[in-house]
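Novice: Dropping a structure here in structure tokens format, bear with me for questions.
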Amino acid sequence: MKNRLFTLFLLLVCATLYVSAGSARADILMKNGIKYEGVEVSPPWGADKELKAKIDGKKTKITSDSIDMVVIWHKDRPDEQYVIKWMRALIFRHKENRLENAYRSWFALHQAGDHLSYWIEINSFKLKKKYMRISVPQEAHFLWRDCDDGPCKVNTQRGAGRTREWLTAFLDSDKELCRSLNEDLDIGKWNGDYYFNGMTLYEKLVKEYTPGRKCGESVVSAGDVE
């Protein structure tokens with residue numbers, strides 16, 4: 001009986017490895033300009049310093065530091081793509097108005113605006129037979145201003161009040177958006193599940209953030225400027 005169970009366990013493991021190894025495809029853009037299109041890859045874990053790929057029929061490992069950007073998808077769902085990037089995260093000390101370098105990780109782009117983009121830190125990929133999803137850590141939200149060298153982790157500790165204070169300092173160059181954060185947006189109703197309930201707020205910030213804007217001024221996107 002034990003031998004049969006062990007054999008069944010090995011079959012399940014092999015089946016999982018088979019799905020993981022052959023179900024993901026990617027376009028890989030290297031920092032040197034070389035691009036690999038539609039290659040078979042093993043989706044990276046958040047801290048993976050190498051990306052496993054199969055190029056021209058040969059298995060290879062590509063150093064994450066040498067990759068500029070990756071577009072990855074499940075082979076059976078090419079329309080559901082993730083744009084991911086290996087980057088160094090930044091920490092913004094809002095009380096000192098100071099940026100610090102932190103760890104490197106893989107991030108997925110959720111939304112990009114004219115001056116701000118919203119990234120999700122990747123913990124791992126859940127690669128199933130028919131779909132692929134991203135697993136994220138508890139504090140997964142990062143905002144990247146176009147004046148910075150990388151994405152900054154949003155301070156979601158100690159409740160919505162601290163998050164509002166952090167966001168107001170981080171986006172201080174847009175006075176109208178900061179006014180809206182403190183007067184219009186009722187973010188105090190967040191229940192702690194920032195990944196779902198906070199999504200709308202982050203999307204609003206990315207869409208409206210305009211450095212140099214004064215209180216009372218409207219948003220002017222790049223597409224509106226002739």
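The values are calculated or read from the model by the stated rules, or taken from the named source; none is laboratory data. Quantities reported herein were computed from a predicted structural model and do not represent experimental measurements. A quick note on method: Cβ atoms are made from the backbone with ideal geometry, for glycine too, and the neighbour counts reach across all protein chains shown. For the accessible areas, the whole protein counts, side chains as well, though only heavy atoms, and no ligand, DNA or RNA atoms are used. Shrake-Rupley method; radii C 1.70, N 1.55, O 1.52, S 1.80 Å.
Novice: Restricting to the stretch 39-60, and then to whatever is over 18 Å from M87 (Cβ atoms) and in a loop (DSSP other than H, G, I, E, B), can you tell me which residue is least open to solvent (accessible area, probe 1.4 Å)?
Specialist: For the stretch 39-60, the residue satisfying everything is G57.
Novice: Filter the stretch 127-146 for residues that are in contact with a helix residue (DSSP H, G or I) (Cβ under 8 Å, 6 or more places away or on another chain) and of a type in the set (A, V, I, L, M) and give the result.
Specialist: Once the filter is applied, which keeps residues that are in contact with a helix residue (DSSP H, G or I) (Cβ under 8 Å, 6 or more places away or on another chain) and of a type in the set (A, V, I, L, M), the stretch 127-146 yields L127, V136, A140, L143.
Novice: Residue pairs, Cβ under 6 Å, 6 or more apart or interchain, first in the stretch 154-180 and within 22 Å of A89 (Cβ to Cβ), second of a type in the set (D, E, K, R) and open to solvent by 50 Å² or more (accessible area, probe 1.4 Å). List them.
Specialist: Pairs found: T156/E139.
Novice: Let me ask something else. I'd like to verify a number: residues in the stretch 129-152 that are closer than 30 Å to D76 by Cβ and surrounded by fewer than 13 Cβ atoms within 10 Å (Cβ to Cβ), how many?
Specialist: 4
Yes/no per residue for (1) hydrophobic (A, V, I, L, M, F, W, C); (2) under 26 Å from Y202 (Cβ atoms); (3) modelled with pLDDT under 95; (4) outside any strand (DSSP E or B):
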site: T7; (1), (2), (3), (4): no, no, yes, yes
site: A15; (1), (2), (3), (4): yes, no, yes, yes
site: A26; (1), (2), (3), (4): yes, yes, no, no
site: E37; (1), (2), (3), (4): no, no, no, no
site: D68; (1), (2), (3), (4): no, yes, no, no
site: M87; (1), (2), (3), (4): yes, yes, no, no
site: A102; (1), (2), (3), (4): yes, yes, yes, no
site: F107; (1), (2), (3), (4): yes, yes, no, no
